[in-house]
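What follows is calculated from the coordinates using simple rules that are stated; it is not laboratory data. Predicted model, so just to flag it, every value in this text is computed and none were measured. Neighbour counts are summed over all protein chains in view; Cβ atoms, including those assigned to glycine, are modelled from backbone coordinates with ideal geometry.
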Amino acid sequence: MMSASASGSAATPRDLGFRMPAEWARHDATWLTWPRPEGISFPDAFDAIPALWAGLAKLLAEGEHVHINVFSPDHETGVRAALNEAGAPVDSRIHLHPFPAYEPWCRDHGPIFIRNESELAIVDWRYNAWGGKYPPCDLDDDVPRHVAKLLGLRLFSPSMILEGGSIEVNGEGTLLTTEACLLNKNRNPNLTQKEIEGYLRDYLGVEQILWLGEGIVGDDTDGHIDDLTRFTSADTLVTVVEDDPADENYELLRENSRRLAAMRDLQGQPWNIINLPTPGRVEKEGQRLPASYANFYIANEVVIMPSFNHPNDSMARDILQELFPTRRVVAWPALDLIWGLGSFHCITQQQPALL
């Protein structure tokens, strides 16, 4: 294990030529954390969740290996039963590991993979359950270390709290994030914006950090970027826009669009910006949920986009299909999942192939 501060003397991943690849770069695998009925993510609505995870794992396994973190031997029994019922290829393409986590949001607590020309490594950011909202989270925080040991990978451990859903990279030196999340004092109260940017550069190998403002209404992560704006290629991104001026998201999304229009890439060129609609107001029991088509996951052969039984589902899918012509865009029902306040990008973490 290696550790260094953003200004420390030890070699950082950037010094060693590491960078975080874009999500569309070839994967060796996808990592998932299987939810528990004892967890807090799906109150009074857990029954539909195991089949959802099993179906997702089966779909992903068509194009890459799938690694699943399970909580205990008893938990594994239930996981295997759900996978077998779905006809998923357990043990051949889908692999179970005794790496416990309280909640299933692997994007945020799982390993962040980086690579250089000869080596794959993991950055083990600290994790505090979105600003200490849902303790305990010590087991979730340990997952990257378990994965690094399993795979025999070098582990870099910066002393900064960061969730994977709060950052978006294009693999060519640019990282996109939000002020609402990364500058929130419930994460790293002792770090300045400049210091946070230093950690991102040192540990993810990026050259510029671009900042959007607020996240969508209902997002308990304080504004993760993966509900707002996503890269679809090195120079193209999709960003969520709301057409209804009466909607709570209307103005904050307009502000983010204004910021994006003023941003430039490392060559000084404007970004190719594609608008993505919203599914409108999605709620349950009077609570607005953070439903967003931007929370899609780019796998080797498919792009898994959440659908919400809304007329805009097909429009969003068509937009993404045009942007990912070599992959099949699957609009996967997400109303059960969004009750946990996250969607398909939130529960997945890519393990890139070594070049």
Q | Cα gyration tensor category, rounded, prolate or oblate, for the range 244-355 with a/c compared to 1.5 | A | oblate
Q: Under a 10 Å cutoff between Cα atoms, tell me which one of 202, 140, 243 has the largest fluctuation in the Gaussian network model of the chain.
A: 243
Q: With +1 on each Lys and Arg Cβ and -1 on each Asp and Glu Cβ, and nothing else charged, work out how big the dipole of the range 27-352 is about its Cα centre, in Debye to the nearest 20.
A: 500 debye
Q.
Can you tell me which lysines have their Cα less than 28 Å from the Cα of residue 185? Leave out same-chain residues fewer than eight positions away.
A. 133, 194
Q) At each listed q (0.09 Å⁻¹), what is the log10 of I(q)/I(0) that the Debye formula gives for the chain modelled as equal alpha-carbon point scatterers? A) -0.44
**Q.** Net +/- balance of residues flanking residue 183 in space, Cβ distance below 15 Å, scoring K and R +1, D and E -1
**A.** -2
Q) Once amide H atoms are placed 1.01 Å from N in the peptide plane, what residues at a sequence separation of 5 or more from residue 95, or on another chain, have their amide H within under 5 Å of its amide H? A) 66, 67, 68
Q: State the antiparallel share, in %, of DSSP beta bridges confined to the chain, rounding to the nearest 5.
A: 40 percent
Q. Under the rule of -39500 (n - 2.57) per DSSP H run of 4 or more residues, summed and divided by the residues of the chain, what mean residue ellipticity at 222 nm is obtained, to the nearest 500 deg cm²/dmol?
A. -7500 deg cm²/dmol
Q: Could you line up 315, 263 from fewest to most neighbouring Cβ atoms inside 10 Å?
A: 315, 263
Q.
With a cut-off of 8 Å between alpha carbons and a minimum separation of six or more residues, what is the relative contact order of the chain in percent?
A. 21 percent
(Q) What is the sum of charges, Lys and Arg at +1 and Asp and Glu at -1, for the other residues whose Cβ falls under 11 Å from the Cβ of residue 12? (A) 0
